[in-house]
Amino acid sequence: MTIANNDITRRDFIAKTALVSAGLAFGKFAFASTKSMFNGNALNLLTTLDGKLALPAGRRKLGSLEVSELGFGCMNIAWAYGDPPSKQDSIKLIRSAHEQGISFFDTAEIYGPHISEQITGEALKSVRNDVVIASKIGFDIDFDSGQMMGGLNSKPEHIKQAVNYMLKRLQTDHIDLLYQHRVDPNVPIEEVAGTMAELIKEGKIRHYGLSEAGAATIRRAHAEHPVTAVQNEYSFWTRDPEAEVIPVCEELGIGFVPWSPLGMGYLTGTVKSDYQFSEGDIRKSLNFPRFSKEALVKNQPIVDLLIKAGEKHQATPGQVSLAWLLAKKPFIVPIPGTRIISHMQENTSAVKVKLSTSDIQELETGFNSIGVFGDRAPEGLKESHDIGTSLGTSSKGTNGKTPLPKTKE
Ligand SMILES: NC(=O)c1ccc[n+]([C@@H]2O[C@H](COP(=O)([O-])OP(=O)(O)OC[C@H]3O[C@@H](n4cnc5c(N)ncnc54)[C@H](OP(=O)(O)O)[C@@H]3O)[C@@H](O)[C@H]2O)c1
């Protein structure tokens, strides 16, 4: 099962939608800088987490949902960055992640489509009660064939039907956390939240979340029914959620799940200017600005900064990136993705890397003085994000991208 072996329709679908599902994009900044989110001492944050929340070691809370402090992204077993592994190897990878202590698995209807959910369900069925499965809806995908029928679709009836099919693919009677994958400009977020509340009542899902949502949309959804987690792109080189979204999550008691926490692989230091992207790799095929040859060279100082910080801790740059996210806030749970067991093991070990306050200060000062070359996503993809046009504004207008509900008579 490789992207290269897929039929034309699927390739075309991937080309059109992979980036949408991969999420992301931000602003028009060639060189974006950021303000520090560390309000003091990162180690104190962790101490507070241990003391006040009394969670078992290695566990975190997303709203009221307890998960392992690192999750596992299951998109990459279906598509995105090069040829996916075979079904057998993907199952082995997911089960190994679980054996390493990961109990939070992230998938979506659109990954494949359907393939990631099918494999994730198969891999986890024997440990279903030990794990938290998160998936996402919100695209117009044929329930049976997986063909893309249109763009976004968060109409209540569509969500409800999609969930029935997802449960079958995931071989379970409930989804622990169901996200709306992208804010639908045609459906008021209150209707989406109301639908999620109905599904919770029916026992088909336990919690719901939003992905690539801005602050205003998050507030409106939360007012309708409490949001458990927001999943937006966030990493050492993509700081957009720091402006509004993470503060709103903190204020409302919502968990935050950074996707592409390794900067789509760049922050591991393995994607250099001579990197050979394979045919199905969306970083190249969809022209992600930060993966142009020029950007790969110009952003190397960011990786060098992570390498330097890692020297003290015998940690790789990827591990420092994950440790940095974990130190940011106790309600942050990154979900790195990989196709390779040794990479998964390396990523999982990042929880052992404890960055000191001065490590973090050095990283923040260094990052602010360097900046990032290139946008986080191509222009077209940014359209699907419920964010503003400049760092510091994360929702369009005051209501976000979602229309206001019709006033009740
Ligand atoms: N909500 C959304 O819209 C959205 C969008 C995108 C992704 N996601 C979720 O977030 C998860 C993670 O995001 P992501 O996969 O896009 O990005 P990521 O985790 O930042 O990076 C994945 C890339 O890093 C490489 N990598 C991982 N560990 C490595 C290591 N130890 N050493 C060297 N390279 C390593 C992987 O290649 P190898 O396979 O070769 O290791 C892959 O190319 C996805 O699986 C998916 O579940 C959600």
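Return yes when S235 is within 11 Å of the ligand (Cβ to nearest atom), touching a residue at least 40 places away in the same chain (Cβ under 8 Å), closer than 20 Å to K382 by Cβ and in contact with a helix residue (DSSP H, G or I) (Cβ under 8 Å, 6 or more places away or on another chain) and no when it is not. Outline the logic, then answer.
Values: within 11 Å of the ligand (Cβ to nearest atom): yes; touching a residue at least 40 places away in the same chain (Cβ under 8 Å): yes; closer than 20 Å to K382 by Cβ: yes; in contact with a helix residue (DSSP H, G or I) (Cβ under 8 Å, 6 or more places away or on another chain): yes.
Spelling it out, S235 is indeed within 11 Å of the ligand (Cβ to nearest atom), touching a residue at least 40 places away in the same chain (Cβ under 8 Å), closer than 20 Å to K382 by Cβ and in contact with a helix residue (DSSP H, G or I) (Cβ under 8 Å, 6 or more places away or on another chain).
Check F236 against each of (1) more than 29 Å from L124 (Cα to Cα); (2) surrounded by fewer than 24 Cβ atoms within 10 Å (Cβ to Cβ) and name the one condition it does not meet.
Against the list (1) more than 29 Å from L124 (Cα to Cα); (2) surrounded by fewer than 24 Cβ atoms within 10 Å (Cβ to Cβ), F236 comes up short only on (2).
So, in the stretch 254-274, exactly how many residues are hydroxyl-bearing (S, T, Y), over 19 Å from the mean Cα position of the chain (by Cα) and near the ligand (Cβ under 10 Å from one of its atoms)? Give the steps one after another, and end with the answer.
First, pick out the residues of the stretch 254-274 that are hydroxyl-bearing (S, T, Y): 260, 266, 268, 270, 273.
Filter again for over 19 Å from the mean Cα position of the chain (by Cα), leaving 270, 273.
Imposing the further condition that a residue be near the ligand (Cβ under 10 Å from one of its atoms) reduces the set to 270.
Here the count works out to 1.
So, in the stretch 248-275, of the ones that are without any contact (Cβ under 8 Å) to a residue 24 or more places away in the chain and more than 24 Å from Y111 (Cβ to Cβ), which residue ends up surrounded by the most Cβ atoms within 10 Å (Cβ to Cβ)?
Among those that are without any contact (Cβ under 8 Å) to a residue 24 or more places away in the chain and more than 24 Å from Y111 (Cβ to Cβ), it is E251.
Yes/no matrix, rows are residues, columns are (1) more than 20 Å from S103 (Cα to Cα); (2) away from the ligand (no atom under 12 Å from the Cβ):
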| position | (1), (2) |
| --- | --- |
| L296 | yes, yes |
| P317 | yes, no |
| I332 | no, yes |
| I335 | no, no |
| H343 | no, no |
| S358 | yes, yes |
| E364 | yes, yes |
| G374 | yes, yes |
| I387 | yes, yes |
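Is at least one residue of the stretch 278-293 near the ligand (Cβ under 8 Å from one of its atoms) and farther than 29 Å from H181 by Cα?
no
Give the stretch 169-216 a look and list any residue that's within 14 Å of the ligand (Cβ to nearest atom), over 18 Å from R128 (Cα atoms) and of a type in the set (A, V, I, L, M, F, W, C), or say none.
Result: V183, L210, A213.
May I ask you to list the residues in the stretch 303-331 that are among the aliphatic types (A, V, I, L, M), crowded, with 23+ Cβ neighbours inside 10 Å and in contact with a strand residue (DSSP E or B) (Cβ under 7 Å, 6 or more places away or on another chain)?
Scanning the stretch 303-331 gives a single hit, L326.
Criterion first (within 24 Å of F104 (Cβ to Cβ) and crowded, with 18+ Cβ neighbours inside 10 Å) does L152 satisfy it?
no
Condition test on V127, is it within 23 Å of A57 (Cβ to Cβ), at pLDDT 95 or above and crowded, with 17+ Cβ neighbours inside 10 Å?
Considered against the rule, which asks whether it is within 23 Å of A57 (Cβ to Cβ), at pLDDT 95 or above and crowded, with 17+ Cβ neighbours inside 10 Å, V127 comes out as no.
State all residues of the stretch 191-210 that are over 26 Å from L381 (Cβ atoms) and in contact (Cβ under 8 Å) with a residue 12 or more places away in the chain; if no residue qualifies, say none.
To start, the set of residues in the stretch 191-210 that are over 26 Å from L381 (Cβ atoms) comprises 194, 197-207.
Across the stretch 191-210, the qualifying residues are G194, A197, E198, L199, I200, G203, K204, I205, R206, H207.
Take Y179 and decide whether it is assigned by TED's automatic domain parsing to the domain that holds K204, closer than 18 Å to M196 by Cβ and either surrounded by fewer than 22 Cβ atoms within 10 Å (Cβ to Cβ) or at pLDDT below 95 (or both).
Working: assigned by TED's automatic domain parsing to the domain that holds K204: yes; closer than 18 Å to M196 by Cβ: yes; either surrounded by fewer than 22 Cβ atoms within 10 Å (Cβ to Cβ) or at pLDDT below 95 (or both): no.
For Y179, the condition - assigned by TED's automatic domain parsing to the domain that holds K204, closer than 18 Å to M196 by Cβ and either surrounded by fewer than 22 Cβ atoms within 10 Å (Cβ to Cβ) or at pLDDT below 95 (or both) - is not met.
I need the full set of residues from the stretch 75-101 which are more than 12 Å from the ligand (Cβ to nearest atom) and under 29 Å from K284 (Cβ atoms), in order please.
Selection gives S86, K87, Q88, I91, K92, S96.
The values are calculated or read from the model by the stated rules, or taken from the named source; none is laboratory data. Since the structure is predicted, the reported quantities are computational estimates derived from the model, not experimental observations. Cβ atoms come from the backbone with ideal geometry, glycine included; neighbour counts cover every protein chain shown.
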